[in-house]
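A short write-up of the structure that comes next.
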Amino acid sequence: MEPLCYGVLLLLLATATNAYTCTSDADCELLGTCNTANGTCACFAGFTGDSCGSVSFKPIASQRPEDYMVYPSPSAAAIDNISFSWGFTALWDDETNAYHAIVNTGCCSETTCGVTVNGTLLVHVTAPSPTGPWARVGVAAPPTTFNPHLMREPSTGRILLYFRVNELDQARACLGDGTTVDNSSTLSPYVNRESLDADPTEEGPTNMYVAWSDSFTSQSWQVKKLKFIHPPAAHLSNPSVAASADGSGRMLMAFRYDRGSENDEANGFAWAASFDGPFHCSANLSYTSGNDEDPYIFQLPGRPATEWHILYHNGRHGLHAFSSDDGGNWSKTKINGTDAFTLDVALEEMGGEVYSFSRRERPEILFDSSGKPAFLLNGVNTKGPTLPSGGSADSNGFSRAFSFIQAIDS
């Protein structure tokens with residue numbers, strides 16, 4: 001039985017044997033406009049491809065992908081081989097004249113530096129530039145908290161942090177800058193441990209929260225457990241929230257949910273009248289075999305307030321989906337095998353040579369002050385081939401799990 005959330009998906013496909021032509025902006029995935037005279041899409045800044053469904057990247061100006069580790073930083077990694085990060089969300093802050101981010105960090109196991117959930121926590125870092133260097137300021141939330149998403153409430157400017165809680169423990173905490181705390185109960189997070197609840201039954205099958213503050217300088221944030229109306233009947237996580245451009249204060253959340261079995265994940269959507277809910281489940285993105293997960297939701301400036309987008313991934317593929325009717329119905333496309341983002345990054349200093357990650361997930365766009373997409377942030381894993389600088393993989397194939405940034409050509 002499908003979950004109670006509902007929605008319709010319109011699937012757009014182009015065959016390899018026919019040239020792709022558009023007849024409306026929907027054929028350009030609402031990331032461009034259709035020239036109906038010649039059937040071609042003119043893509044908006046930051047996007048490319050026949051249907052505009054791919055992020056347009058700049059090559060990284062290095063032969064070392066690890067130079068684009070935003071956290072842990074390359075310098076910290078040299079002294080800290082036991083921590084990883086998997087999820088990075090950032091905002092510019094006028095008050096402090098700096099970028100601020102919440103990063104999900106954890107401790108590697110004895111055998112691998114891959115990605116786990118238990119024992120991870122949310123660390124507050126700041127930098128003068130999106131590419132760093134990022135320095136730790138404090139701890140935002142205790143273990144086990146993860147899936148962070150930062151935004152500002154348009155009407156008040158307050159900082160909102162959405163995240164998920166698993167069991168609350170006092171595990172060893174790795175903070176990503178060479179600092180390891182054997183017992184995380186000695187930390188003083190902005191979100192008090194006693195204000196969190198690891199029992200999902202009260203508000204349905206979710207342990208998702210929102211914390212808020214008027215300033216990044218505050219070390220005490222208010223927090224509330226989110227309530228969902230008619231949620232899917234299984235685990236919810238990976239919240240991403242955006243305020244409607246219509247100025248109403250409404251919030252649309254994209255999230256991942258389990259359809260009832262392992263490796264059987266999909267993306268859903270829920271509306272709320274205000275940032276702290278309750279969130280009313282409104283639609284699902286049609287299921288595709290594998291794991292559709294890690295949705296990042298956004299709107300583009302100057303476009304109708306009813307237009308919405310998500311970036312997400314399924315296995316090795318970074319994907320895009322969109323809605324033209326205020327999140328009621330969602331379309332996704334994969335034209336001639338073109339993805340929104342891939343495992344590959346071009347290395348400018350090596351003549352366009354490509355380095356391939358084993359995983360590239362948790363997408364999040366960082367927009368510039370004019371509203372153009374400026375950077376894509378991801379959680380990435382290196383595996384198999386060593387890093388070009390010679391970093392070696394361990395016995396399980398992982399050499400590093402970290403947050404990665406790549407400039408968008410906009």
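Over all Cα atoms in the range 209-302, the spread is summed up by Rg and Dmax: 14.5, 44 Å. Ranking LEU311, LEU285, ILE229 by Cα position along the charge dipole of the range 215-311, where only Lys, Arg, Asp and Glu carry charges on their C-beta atoms, puts ILE229 farthest toward the positive end. Rounded to whole numbers, the Karplus 3J(HN,Hα) couplings from phi for the range 88-96 are 9, 9, 9, 9, 7, 10, 5, 4, 9 Hz, using 6.51 cos²θ - 1.76 cosθ + 1.60 with θ = phi - 60°, and x at Gly and Pro. Per-residue 3J(HN,Hα) values for the range 149-162, derived from phi via the Karplus relation 6.51 cos²θ - 1.76 cosθ + 1.60 with θ = phi - 60°, read 9, 9, 7, 10, 6, x, 6, 10, x, 5, 8, 10, 10, 9 Hz in sequence order (x marks Gly and Pro).
Note on PHE375: accessible area approximately 40 square angstrom, rounded to 10, probe 1.4 Å, nucleic acids and ligands left out. Pull out a ≥ b ≥ c, the square roots of the eigenvalues of the alpha-carbon gyration tensor of the range 150-288, then state rounded if a/c is under 1.5, prolate if not and a/b is larger than b/c, and oblate in the remaining case. Cα axes put the range 150-288 in the oblate bin. Evaluating 6.51 cos²θ - 1.76 cosθ + 1.60 at θ = phi - 60° for every residue in the range 179-192, the Karplus couplings come out as 9, 10, 10, 5, 10, 5, 5, 7, 6, 10, x, 4, 9, 5 Hz, glycine and proline recorded as x. Charge dipole of the range 218-277 (Cα centre as origin; +1 on each Lys and Arg Cβ, -1 on each Asp and Glu Cβ, all else neutral): 260 debye, rounded to the nearest 20. Under 5 Å from the amide H of TYR190 lie the amide H atoms of VAL139, ALA140, ALA141, each residue being 5 or more positions distant or on a separate chain, with H modelled from the backbone and absent for Pro and chain starts. Between the amide H of ALA374 and those of LEU366, PHE367, ASP368, distances stay under 5 Å, these residues lying 5 or more places away or on another chain, with hydrogens modeled in the peptide plane. Using the average count of surrounding beta-carbon atoms within 10 Å as a protection proxy, the listed peptides 91-102, 166-177, 47-58 rank, highest first, as 47-58, 166-177, 91-102. Residues whose amide H comes within less than 5 Å of that of ASN238, counting only those at least five positions distant or on another chain, are ARG256 (H built at 1.01 Å from N in the peptide plane).
The values are calculated or read from the model by the stated rules, or taken from the named source; none is laboratory data. This one's a predicted model, so the numbers in the text were calculated from it and none came from an experiment. All Cβ positions, glycine included, derive from the backbone under ideal geometry; neighbour counts span all protein chains shown. Side chains included, ligands, DNA and RNA excluded: accessible areas come from the protein's heavy atoms. Shrake-Rupley method; radii C 1.70, N 1.55, O 1.52, S 1.80 Å.
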